[in-house]
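Below is one structure, written out as structure tokens; the observations come after it.
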Amino acid sequence: MRLAAARQPFPYPRASGGSVCWYRQKEPVRAARPIVSIVDDDESVCQSLPDLLRELGFSAQAFSSAEEFLTSDRLNRTKCLLLDVAMPGMSGPALQRELRLRGLKIPIIFITGQTDPALCHRLLQEGAVACLLKPFNESALLGALNSALRAS
């Protein structure tokens, strides 16, 4: 009886004789959720974007400055960085250069309110995976994240 409790019936009968197959039930495999860090000085972005990312299956944490991110424990564990272009102190492109100098190859998705196509083109040439204009929609964000995670 103890063995029967550890097994669950397979939902399809076997072809020979219609008997039921049995298998041991295993714990579901939980894949590690990719860590996405957000660096943006806009408080509303820092509050709302991590919630959206968690709903999409990511582990997310927001930082209000590049300097805060550089001193965090997430720096070496981040699989993708959502990075604002214009911030007080160190800008997004300056953080991108600093990460490159440190030998950290974190895929970067820039998020910006600036509508200058030349800026986005330059950021992409310097290694960014994507450049999203604020406000961006969930599908554009998810597409950029999937591209970034494939690149890492």
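Every number in this text was worked out from the coordinates using simple rules, so none of it is lab data. Keep in mind that what you see is a predicted model, and the values were worked out from it rather than measured. Please note: Cβ atoms are built from the backbone with ideal geometry, for glycine as well, and neighbour counts cover all protein chains shown.
Between residue 41 and residue 101, the distance separating the two model label sites (each 7 Å from Cα on the Cα→Cβ line) works out to 1.9 nm.
Annotation: amide H of residue 38 within the under-5 Å range of 61, 62, 63, 82, sequence separation 5 or more or interchain, hydrogens built in the peptide plane. Remark: segment 100-115, residue by residue, has Karplus-estimated 3J(HN,Hα) of 5, 4, 7, x, 8, 9, 8, x, 10, 10, 7, 10, 8, x, 7, 9 Hz, where x stands for each Gly or Pro and the curve is 6.51 cos²θ - 1.76 cosθ + 1.60 at θ = phi - 60°. Placing one equal scatterer on every Cα of segment 35-151 and applying the Debye formula, the log10 ratio I(q)/I(0) at q = 0.10, 0.14, 0.19, 0.23 Å⁻¹ is -0.24, -0.49, -0.98, -1.58. One Cα centroid belongs to segment 111-146, the other to segment 45-79; the line between them spans 17 Å.
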